[in-house]
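K.L.:
I am attaching a structure below and will ask some questions about it afterwards.
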Amino acid sequence: MSLEKVDSNSMPQATELDVFLPPDGSNIKDNIHSGKYKVNVKPKDPEAAYVNHDGKDSFDPFRERKLDHPTTDCDTLTHLLKASLGTGILAMPDAFKNAGLTAGVIGTVLVAIICTHCAYILVKCAHELYYRTRVTAMSFADVGEVAFANGPPWARKFSKFARQTILVSLFLTYFGTCSVYTVIVGNNFQQVIEHHTQISLDQRVYIAALLLPLILLGWVPNLKYLAPVSMIANLFMAVGLGITIYYLVQDIPDASTLPQFNASLNTIPQFFSIVIFAMEAIGVVMPLENNMKSPRHFLGLGGVLNQGMAGVTLIYILLGFLGYLKYGDKTEGSITLNLPLDEIPAQSVKILIALAVYCTYGLQFYVCLEIGWNGIKNTFTKRPVVSEYAMRTFLVILTIVLAVAVPTISPFISLIGALCFSILGLIVPAFIEVITFWDHGLGHYRWRLWKNVLVSIFGLMALVFGSYTSIKEIAKLYTDTPKS
């Protein structure tokens, strides 16, 4: 990738929110956040296309990277945990219900290994491309485009397509997640309100009632103004999960009373889709690496990525196992919906989680906005502010419309996990690694190629079967005859 030279070589500090839920970040130009850049097929120095990364080269991207306030390994680990431990954790007991206790543990570990490996190879390919192209930082979309632009001749024409695929997938992923959030918020408020008022309304009414508050949240002009909202969301989520776990460990039934292997052709795709949705944090991997003081520490057997994902996996297994063990076949799409309605602490959990998810909506929405607005802003140059806020409003309305159309948590989460995260988090990194190391580095018997073929097959199976079963479950909302 060839970039024009600028005088300065310092990247401005990324705020916590920039790291936690960053926009695309594709406006880095020689480490300066600016406008556009140009990707060339040839690297800056053809002799440096294939280098030994032993620190002896004249160019070291990690020494050249200048950060005003780089993040330490501990900071990066904290950001990774916060990004990974999202609202998907609330659906883990439902995932276990679709697999069984033992199968749920094994399946969660399997998904964690695959997802972590795909994040690992994405960063590894980025490090390889730093040396080849003489740049020091790339976003996810950059890595995809540059890998193809500097890949074998037959792949270079697909570089722009690779970039657009990543951006569209990111947009759809975060947009779908915003819609899921509105369903979670609406359902939690519905339970508490109906318990106290004895007034029964359709859950779609509660979702639609969120339109004005979400529009106001979507109108927040800048990501930095969401910093207090992020702190509140973290506090509410931590307290809510703490109280939830307290309820789960009360009067735990014997594990032998529940099926250990409950998977079937109808339920196993649901399980994998939910776990993929919960586990994936591929969108924040490159921004986290880009802001590290020691980027090489992100990788490695004991690196930040493996440490963080190991911790996330253990927490997900714990909550999934305890939640399903406690409530069995009555487990809801969000475990908070299972908590007793007649107890004040349980009611507070539902409210805290609903408020935390509402606050987090603003962070997820900002990513959609950045990608969408960057794609159309050149069309609306006369009144850009009015056009931007019109787009903000329109996107919020669309998330509400989608949530009203699909007001059920479990199939909705499964659909987002199968349709979006399988492409973005599994298939795309596999393709990037193959293209990056196509002319060299595929290993003996091209083992990297065959390994990524297997990963892609797993991703395609999650995509096809997970989407099919999720859509079939969603269709039941409109085809099943209500009981009288």
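The values are calculated or read from the model by the stated rules, or taken from the named source; none is laboratory data. Since the model is a prediction, treat every value here as computed from it, not as a measurement. Reconstructed Cβ throughout: ideal geometry from the backbone, glycine too, with neighbour counts over all protein chains shown. Protein only, heavy atoms only, side chains kept; ligands, DNA and RNA dropped before computing areas. Shrake-Rupley method; radii C 1.70, N 1.55, O 1.52, S 1.80 Å.
K.L.:
Can you give the angle from 0 to 90° between the axis of helix 73-84 and the longest principal axis of the chain, with both taken from C-alpha atoms, to the nearest 10?
P.N.:
Tilt of helix 73-84: around 50 degrees.
K.L.:
If you don't mind, another one. For region 368-385 and region 402-479, what is the separation of their Cα centres, given in Å?
P.N.:
29 Å
K.L.:
If amide H atoms are built 1.01 Å from N in the plane of the peptide, which residues on other chains or at least 5 residues away come under 5 Å of the amide H of MET292?
P.N.:
The list, which skips near neighbours in sequence, is THR71.
K.L.:
Still on this structure, please answer the following. Could you check how much of the accessible area of the chain is carbon and sulfur, as a whole percent, using a 1.4 Å probe?
P.N.:
It is 65 percent, rounded to a whole number.
K.L.:
Which ³J(HN,Hα) values in Hz, rounded to whole numbers, follow from the phi angles of region 255-269 under the Karplus curve 6.51 cos²θ - 1.76 cosθ + 1.60, where θ = phi - 60° and Gly and Pro get x?
P.N.:
Karplus values, whole Hz, x for Gly and Pro: 4, 6, 7, 10, x, 7, 10, 10, 7, 9, 4, 8, 9, 5, x.
K.L.:
Which order do peptides 442-452, 192-202 fall in by mean Cβ count within 10 Å, highest first?
P.N.:
442-452, 192-202
K.L.:
Further question: Using the Cα atoms of region 211-313 to build a convex hull, what is its mean projected area in square nanometres?
P.N.:
With the hull built on Cα positions only, its mean projection is 11.5 nm².
K.L.:
Okay, moving on. Just how large is the dipole of the chain about the Cα centre, in debye to the nearest 20, putting +1 at every Lys and Arg Cβ and -1 at every Asp and Glu Cβ?
P.N.:
1220 debye
K.L.:
Keeping all protein chains in position, work out how much accessible area ILE252 exposes to a 1.4 Å probe, and write it in Å² to the nearest 10.
P.N.:
Per-residue accessible area (ILE252): approximately 80 Å².
K.L.:
Additional query: Considering only protein heavy atoms, what per residue accessible area in square angstrom results for the chain with a 1.4 angstrom probe?
P.N.:
Each residue of the chain exposes 44 Å² on average to a 1.4 Å probe.
K.L.:
Still on this structure: In whole Hz, with x marking every Gly and Pro, tabulate ³J(HN,Hα) for region 331-343 from phi via Karplus 6.51 cos²θ - 1.76 cosθ + 1.60, θ = phi - 60°.
P.N.:
Result, rounded to whole Hz: 4, 8, x, 10, 4, 5, 6, 8, 5, x, 7, 8, 10.
K.L.:
What is the ratio of the Cα radius of gyration of the chain to 2.2 N^0.38 Å, where N is its residue count, to two decimals?
P.N.:
0.99
K.L.:
For LEU67, enumerate residues with amide H under 5 Å from its amide H, sequence gap 5+ or separate chain, H modeled in the peptide plane.
P.N.:
When sequence neighbours closer than 5 places are left aside, the close amide H contacts are MET11.
K.L.:
Students often check this: by mean Cβ neighbours within 10 Å, which of 289-300, 175-186 ranks highest, and how do the rest follow?
P.N.:
175-186, 289-300
K.L.:
Roughly what angle does helix 159-197 make with the longest principal axis of the chain, taking Cα atoms, 0 to 90 degrees, to the nearest 10?
P.N.:
Approximately 20 degrees, to the nearest 10.
K.L.:
Here's something else I'd like to know. By accessible area of protein heavy atoms, probe 1.4 Å, what ranking do PHE412, PHE272, PHE158, PHE321 get, highest first?
P.N.:
Result of the area sort, largest leading: PHE158, PHE321, PHE272, PHE412.
K.L.:
Relative contact order (percent) for region 75-476, with alpha-carbon contacts under 8 angstrom and 6 or more residues of separation?
P.N.:
So the answer I get is 36 percent.
K.L.:
Pull up all non-local amide H partners of GLU332: gap of 5 or more, or a different chain, and H-to-H distance under 5 Å with H placed in the peptide plane.
P.N.:
Distant-sequence amide H within range of GLU332: ASN338.
K.L.:
Still on this structure, I have one more. For region 75-476, with the dipole built from +1 on Lys and Arg beta-carbon atoms and -1 on Asp and Glu ones, taken about the Cα centre, which of ILE184, THR244, LEU369 lies farthest toward the positive end?
P.N.:
LEU369
K.L.:
If the limit is 32 Å between Cα atoms, which of LYS350/LYS472; LYS350/LYS476; LYS82/LYS330; LYS293/LYS326; LYS377/LYS472 go over it?
P.N.:
The answer is LYS293/LYS326; LYS377/LYS472.
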